[in-house]
Amino acid sequence: QVQLVESGGGLVQPGGSLRLSCAASGRFFSINTMGWYRQAPGKRRELVAVITSGGSTNYTDSVKGRFTISRDNAKNTVHLQMNSLKPEDTAVYYCKSATPRGDYWGQGTQVTVSS
């Protein structure tokens, strides 16, 4: 069983920054691919960024150059550094762990970008 707890969301002005964190429980964190997803009101959940066990990363086009995903296997955490935030980044952000036994999701954290 894997439990994921996100934190770091909030209200920020356009152009500002936030750092999201996802703390994972359970074993074998280091071998799991971790991802950040987001869901805006009335829209489908979409992939934002992923990081593999080897540290390879991939980003959706709209956040490339602004967001950075990282992981700390010693602390079982994954982070999403978000810079130059835009109103269209407003969404609930979810952490996902892809394990051999299936995918696990956190409860989500709200990010609101507004002046």
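The values are calculated or read from the model by the stated rules, or taken from the named source; none is laboratory data. Small disclaimer: the values here were computed from a predicted structure and weren't measured. No Cβ is skipped: glycine too gets one built from the backbone with ideal geometry, and neighbour counts run over all protein chains shown. We work out accessible area using only protein heavy atoms, side chains counted, and drop any ligands, DNA or RNA first. Shrake-Rupley method; radii C 1.70, N 1.55, O 1.52, S 1.80 Å.
Residues whose amide H lies under 5 Å from that of K86, counting only those 5 or more places away or on a different chain, are G15; hydrogens are built 1.01 Å from N in the peptide plane.
In square angstrom, what is the accessible area per residue of the chain with a 1.4 angstrom probe? Can you show the working numbers first?
Details: 6160 Å² over 115 residues.
Using a 1.4 Å probe on heavy atoms only, each residue of the chain averages 54 Å².
Between the stretch 55-115 and the stretch 16-45, what is the C-alpha centre distance in whole Å? Cα centres, the stretch 55-115 to the stretch 16-45: 5 Å. A Gaussian network model of the chain, with springs between Cα atoms under 10 Å, assigns the largest mean-square fluctuation among A24, A40, A74 to A74. Of all lysines in the structure, those lying under 20 Å Cα to Cα from K75, and not within fewer than 8 positions of it along the same chain, are K96.
What dipole magnitude, in Debye to the nearest 20, does the chain give about its Cα centre under +1 on Lys/Arg Cβ and -1 on Asp/Glu Cβ?
Details: 13 positive and 7 negative charges, 25 e Å.
For this selection, approximately 120 debye.
Between C95, N73, W105, whose Cα lies farthest towards the positive end of the dipole of the stretch 62-115 when Lys and Arg beta carbons carry +1 and Asp and Glu beta carbons carry -1, centred on the Cα centre? Farthest towards the positive pole: N73.
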